[in-house]
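**Student:** Sharing a structure here in structure tokens format.
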Amino acid sequence: MAEAVTAPAPAATAPNAAPSTAAAPRTERYPWLCPWTQQPSAPPSAANGDAPAAAASASAPTNNLRVLNSLTGEKVPFRPRNGRTVRWYTCGPTVYDVTHVGHASNYVSLDILRRILTDYFGYEVTLQMNVTDIDDKIIKRAAEAGEPFADLARRYEAAFFDDMRALGVRPPDLVTRVSEYVPDVIAYIEGIVGRGMAYAAGGSVYFDVDTFRGAGHHYAKLEPGSAGNAARLAEGEGGLDGLPAASVDASSDAAAAAAAATAARGAEKKSPSDWALWKASRPGEPFWESPWGPGRPGWHIECSAMASAELGGHIDIHTGGVDLKFPHHDNELAQAEAYHACPQWVDYFLHTGHLHIDGHKMSKSLKNFISIQSVLTRISSRQLRLFFLQHRYDAPTVYAESALAEVVNVDRALVDFFGAVKAALREAASAAAAPSTADGAGGLRPSAAASGVLAELGATRTAVRAALEDNFNTPAAFLALLALVKSVKGYLAAPGGGGVNAPVVRAAARYLTFMLRVLGLGGDAGEEIGYGGADGDAESAETVLTPILDALSAFRDSIRSAGREALASGGADGGDAAAATAAIKRILAACDEVRDTTLPPLGVRLEDRPDGRPSLWKLEDPAAWAAEAARLAAEEAAKAAAKAARAAEAAAKAAAELEAGRVPPADLFRGGEYAGKYGAFDADGLPTADAGGAELPKAARKRLAKARERQVKLHQKFLAAQPAGGGAP
Ligand SMILES: [Zn+2]
């Protein structure tokens, strides 16, 4: 069994202690870690055999980025071994089903981290991702569907990358499929066997945990407490161990067969902590020839082998979902460290938090997963990204439909904001081009309000940098950006004397644009290839359309103001006043139509403004407009339906009341609900005695007189409602 492995002791000093303070050497706490990945004051040095000689000076930090390293459970300074060059490996999908919102959370979060590293901090990142296309789940699914397993894997792989594209996730620099690396995997396993840290048994090959530890290596680095957890190890071994080979359906004998097969595998292992590097395939299962007979790679080995094949014997960053920590990532580390005979294969292990659905853990096995496709029918990928970046990548996130409405509003506010900024800058530009006025308004000196915006911009830059350096704290960074948006908006509404200061507004808007693009919210300029401009790139739509829209907007302004003036004067200059009025109304109706109906589908929104100021135009996504128009139309329809229902109810009530007045007051107590109750009546038809001839008491007669009075009024209403000369019955 596993030797006792204790969890790392709590930090003796603050993780971010200044280098000048004499902190205890932290290497004592994590003896299996290279010092510079856990010690703020000790960057890589030439003396360390693992680090390139030039690393110490080349990687002099230009930032204070600290990352939560799962190897220590603490935030540590990020210092790649080779300057700005970062080798990054991330675990990719097992392609046997559609991609769900939990995958979206993982891959969008990692995409945001990658963009921040490259586009903000300026690292040169090479990102490799694997596709697990040999796996027991794939084999099982394919057998159930009667489809060749490679076809099924390829189909879901294509769907995965379609979804990633839809989510705006930048493609990895390198994608590797295990099915194309089987010879590499075999050679890798042979290397581990050659070091005596793996052994063959029954056509399979197992990793030898005890020998690995005996050679001075550490297992399990990420989750020391889980080492030897047989249940979790079995989970990572795949689902086919216990299933009958040829027919993978669960028959009545399946349980017995499962128990037998699991027992057989268990008997092959020297220790329950060991796991399969190579699995012997049984008849009917896909197989590859190997020195140990026909079989296939175990799950964990592919990542170690493919990452080593492409990125080499050392990786700066390794990422994946938190549920992969053990056994998958711990086993990956052990395999690679055994193969490379090195103490540390990965310097920084970053894990994304789990996504919960309305408080429940989401998993495919629970069948409560929401596909990416279905989410993207409700909100845009930009809005979904807004949701994720408002949560820390490493924290558990609760996904709730109610939270989505909020990000739609935030998205809407940002679109409006940029539209308002562009309109203000256009206005400022045309004001600057106009002949100078006698009062000498304007000037370059910023107003107090403009200076305030500039100061706020500086403070925001500092706050955003501090947030991103703090383990990619995107929620804090985004809050700072939203605060700047609010300030600039306030400034545009009240710019103070001299009008809007265009350079200040432009500086703030450009910074916001840059940061939103860093977070992946804007278009991806990084996807363009080739020279700009002369290479044949079209000018942006906005550049082309601006003069046209300016002209159209001005034309409409003049028509509209003329129409309004004529209408106000009531056609007083003679001629047919009524016809003139009607024509003017048509002009105004046309003005409304171009604003409300014609332009929005073209992606143009016009807004009228008070006090004779020119109307405002904004370029806008026609699809967003259409969605909003549909929503408003649905609201209107619901309101109209409710109104109609209320009207129908009122009409029915009035009709019932009218019908109640049909009986003349004199006949009221002789029929209907009173039929047979009374035996004698006075001249007005009021009862004087009951059916048995007994005189009615005074109180009863009074009550009946009141009922008669009411009927007099109802009957009058009834008569009034009858057609003239129609004689009521
Ligand atoms: Zn992996």
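**Student:** Of everything in the stretch 87-100, what is surrounded by 23 or more Cβ atoms within 10 Å (Cβ to Cβ) and away from the ligand (no atom under 16 Å from the Cβ)? Give them in sequence order.
**Tutor:** Thr99
**Student:** Inside the stretch 348-363, can you point out the residues that are surrounded by 14 or more Cβ atoms within 10 Å (Cβ to Cβ) and at pLDDT below 95?
**Tutor:** Within the stretch 348-363, His354, Leu355, His356, Ile357, Met362, Ser363 qualify.
**Student:** Here is a check on your reading of the model: is Ala334 assigned to a helix (DSSP H, G or I), under 26 Å from Ile139 (Cβ atoms) and in the same structural domain as Leu117 (by TED's automatic domain parsing)?
**Tutor:** So Ala334 passes the test.
**Student:** Follow-up. For the subset of the stretch 101-113 comprising residues that are in contact with a Ser or Thr (Cβ under 9 Å, 6 or more places away or on another chain) and either within 16 Å of the ligand (Cβ to nearest atom) or basic (Lys, Arg) (or both), which member is farthest from Thr132 (Cα to Cα)?
**Tutor:** Leu110
**Student:** Assess whether Glu649 counts as being over 30 Å from Thr598 (Cβ atoms) and in contact with a Leu (Cβ under 8 Å, 6 or more places away or on another chain).
**Tutor:** Spelling it out, it is not the case that Glu649 is over 30 Å from Thr598 (Cβ atoms) and in contact with a Leu (Cβ under 8 Å, 6 or more places away or on another chain).
**Student:** Which members of the stretch 316-329 meet the condition of being within 12 Å of the ligand (Cβ to nearest atom), surrounded by 24 or more Cβ atoms within 10 Å (Cβ to Cβ) and closer than 14 Å to Val346 by Cα?
**Tutor:** His318, Thr319, His329
**Student:** Which one is surrounded by the fewest Cβ atoms within 10 Å (Cβ to Cβ), of the residues in the stretch 656-675 that are within 19 Å of Ala691 (Cα to Cα) and touching a residue at least 24 places away in the same chain (Cβ under 8 Å)?
**Tutor:** My answer is Phe669.
**Student:** Scan (1) of a type in the set (A, V, I, L, M); (2) within 16 Å of the ligand (Cβ to nearest atom); (3) touching a His at 6+ places or on another chain (Cβ under 9 Å) for the single condition Leu68 breaks and write down its number.
**Tutor:** With (1) of a type in the set (A, V, I, L, M); (2) within 16 Å of the ligand (Cβ to nearest atom); (3) touching a His at 6+ places or on another chain (Cβ under 9 Å) applied to Leu68, the lone miss is (2).
**Student:** Please verify whether the stretch 138-159 includes one or more residues that are in a strand (DSSP E or B), more than 16 Å from the ligand (Cβ to nearest atom) and surrounded by fewer than 17 Cβ atoms within 10 Å (Cβ to Cβ).
**Tutor:** Scanning the stretch 138-159, I find no residue that is in a strand (DSSP E or B), more than 16 Å from the ligand (Cβ to nearest atom) and surrounded by fewer than 17 Cβ atoms within 10 Å (Cβ to Cβ), so the answer is no.
**Student:** Moving on to the next point. Please indicate, with yes or no, whether at least one residue in the stretch 636-655 is surrounded by 13 or more Cβ atoms within 10 Å (Cβ to Cβ) and of a type outside the set (Val, Ile, Thr).
**Tutor:** So far as the stretch 636-655 goes, no, none of its residues is surrounded by 13 or more Cβ atoms within 10 Å (Cβ to Cβ) and of a type outside the set (Val, Ile, Thr).
**Student:** I would also like to ask the following. Quick one: which of Ala267, Ala309, Ala280 is within 16 Å of the ligand (Cβ to nearest atom) and among the hydrophobic types (A, V, I, L, M, F, W, C)?
**Tutor:** Ala309
**Student:** Among the candidates Ser308, Ser402, which residue alone is part of a helix (DSSP H, G or I), under 30 Å from Val125 (Cα atoms) and of a type in the set (Gly, Ala, Ser)?
**Tutor:** Going through Ser308, Ser402 in turn, just one is part of a helix (DSSP H, G or I), under 30 Å from Val125 (Cα atoms) and of a type in the set (Gly, Ala, Ser): Ser308.
**Student:** Restricting the stretch 128-137 to residues that are within 23 Å of Ile372 (Cα to Cα) and either in contact with a Pro (Cβ under 8 Å, 6 or more places away or on another chain) or outside any helix (DSSP H, G or I) (or both), which is farthest from the ligand (Cβ to nearest atom)?
**Tutor:** Asp133
**Student:** Return the residues of the stretch 190-207 that are part of a loop (DSSP other than H, G, I, E, B) and of a type in the set (A, V, I, L, M, F, W, C); say none if nothing qualifies.
**Tutor:** Met197, the sole residue that qualifies.
**Student:** Turning to a different aspect of this structure: Tell me yes or no: at least one residue of the stretch 336-345 is surrounded by fewer than 24 Cβ atoms within 10 Å (Cβ to Cβ), on the phi > 0 side of the Ramachandran plot and away from the ligand (no atom under 13 Å from the Cβ).
**Tutor:** yes
**Student:** Does Ser304 satisfy being hydroxyl-bearing (Ser, Thr, Tyr), surrounded by fewer than 24 Cβ atoms within 10 Å (Cβ to Cβ) and either more than 12 Å from the ligand (Cβ to nearest atom) or within 21 Å of Ala200 (Cα to Cα) (or both)?
**Tutor:** So Ser304 does not fit the description; no.
**Student:** Cβ-Cβ under 8 Å, sequence separation 6+ or interchain: first residue in the stretch 78-100 and touching a residue at least 60 places away in the same chain (Cβ under 8 Å), partner within 16 Å of the ligand (Cβ to nearest atom) and of a type in the set (Phe, Trp, Tyr). Which pairs?
**Tutor:** Correct list of pairs: Phe78/Tyr348; Pro93/Phe160; Val95/Phe160; Thr99/Phe160.
**Student:** Taking His300 as the residue in question, decide whether it is touching a Leu at 6+ places or on another chain (Cβ under 9 Å) and either free of Cβ contacts under 8 Å to residues at least 60 places away in the same chain or not in a loop (DSSP other than H, G, I, E, B) (or both).
**Tutor:** Judged against the criteria, His300 is a match.
The values are calculated or read from the model by the stated rules, or taken from the named source; none is laboratory data. This is a predicted model, so every value here is computed, not measured. Neighbour counts are summed over all protein chains in view; Cβ atoms, including those assigned to glycine, are modelled from backbone coordinates with ideal geometry.
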